[in-house]
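J.: Supplied in C-alpha cells, the structure appears directly below.
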Amino acid sequence: MTPATLDLTITRGLTFGELTMTVYDTDDVIVDLTGWSTWAEAKECSNGLILDLGPAITDATGGVLVISFTDEETALLKLGTYTYDLIFENSTGARLGVFLTGTLTITDP
C-alpha cells in the first residue's frame with residue numbers, strides 16, 4: 001500500500017487546525033475506528049521526535065480524526081522541516097499503515 005502524502009505547515013504563535021480527516025478503505029467505505037488508536041509523529045533524523053501531532057479520533061463510527069494545536073502550543077515549536085507518518089492500531093493490537101506521510105514545516109509569521 002502506498003500512503004497518501006500531505007505536507008503541513010504550522011506557523012509559530014498561530015492556531016493550527018482543525019485538520020479533519022475521514023478514513024476510507026480501498027472500497028471507498030468509511031472505516032469504523034471504534035477501539036482504534038492513532039499515531040503521527042514529526043521526526044528529525046539527528047534528534048528523533050520533534051512533535052507528537054496527537055491525532056484524536058473524534059467520531060469513531062464516522063472514521064473521523066482531527067489534528068489541532070492552540071497558538072500557545074505552536075509558539076513553543078522549533079523552526080524547521082521534518083517528516084511525519086500516520087499509523088493506526090486496531091482493536092486486536094495490530095499496527096497498520098503508514099496511511100499518511102509528508103513533511104511538517106514550522107515557520108515564523
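Just so you know, all these numbers are worked out from the coordinates, no wet-lab data involved. Being a predicted model, the structure only gives us computed values, none of them experimental. FYI the Cβ positions are ideal-geometry reconstructions off the backbone, even for glycines, and counts take in every protein chain you see.
J.: Taking one equal scatterer on every alpha-carbon of the chain, how large is log10 of I(q)/I(0) by Debye at q = 0.18, 0.22 1/Å?
T.: -0.91, -1.24
J.: Let me check I've understood the local charge: for L49, count other residues with C-beta under 10 angstrom from its C-beta, Lys and Arg +1, Asp and Glu -1. What total comes out? List each step's numbers first, then the result.
T.: Details: positive: K43; negative: E41, E44, D52.
The answer is -2.
J.: Here's something else I'd like to know. Just flag the trypsin sites (Lys or Arg not before Pro) in the stretch 32-99 sitting in loop per DSSP whose Cβ has no more than 14 other Cβ atoms within 10 Å.
T.: Filter output for the stretch 32-99: K78.
J.: Also: Identify the chymotrypsin sites (Phe, Trp or Tyr not before Pro) of the stretch 9-59 meeting these criteria: DSSP loop state and at most 12 other C-beta atoms within 10 Å of the C-beta.
T.: Here no chymotrypsin sites (Phe, Trp or Tyr not before Pro) fit, given the DSSP loop and packing criteria.
J.: Quick query: amide H of G63 versus all other amide H atoms, modeled in the peptide plane; which residues come in under 5 Å with a sequence gap of 5 or more or a different chain?
T.: Close amide H contacts, sequence-distant or interchain: L33.
J.: While we're looking at this one, here's another question. Could you tally the net charge around L96, taking each other residue with its Cβ under 15 Å from the Cβ of L96, Lys/Arg +1 and Asp/Glu -1?
T.: Summing Lys/Arg as +1 and Asp/Glu as -1 gives -3.
J.: Enumerate the calculated ³J(HN,Hα) couplings along the stretch 65-73 in order (Karplus 6.51 cos²θ - 1.76 cosθ + 1.60, θ = phi - 60°), each rounded to whole Hz, writing x wherever the residue is Gly or Pro.
T.: Result, ordered by residue: 10, 9, 10, 7, 9, 7, 5, 5, 5 Hz.
J.: Can you give the helix-only mean residue ellipticity at 222 nm for the chain, where every DSSP H stretch with n ≥ 4 adds -39500 (n - 2.57) and the sum goes over all residues, rounded to the nearest 500 deg cm²/dmol?
T.: For the chain, the value works out to -500 deg cm²/dmol.
J.: Further question on the same structure: So who's got an amide H within less than 5 Å of the one on G80, skipping anything under 5 residues away but keeping other chains? H placed 1.01 Å off N, in plane.
T.: Those lying under 5 Å, H to H, from G80 are I106.
J.: Would you work out the relative contact order for the chain, in percent, from Cα pairs under 8 angstrom that are 6 or more residues apart?
T.: Numbers: 255 pairs, mean separation 42.0, N = 109.
Once normalised by length, the contact order is 39 percent.
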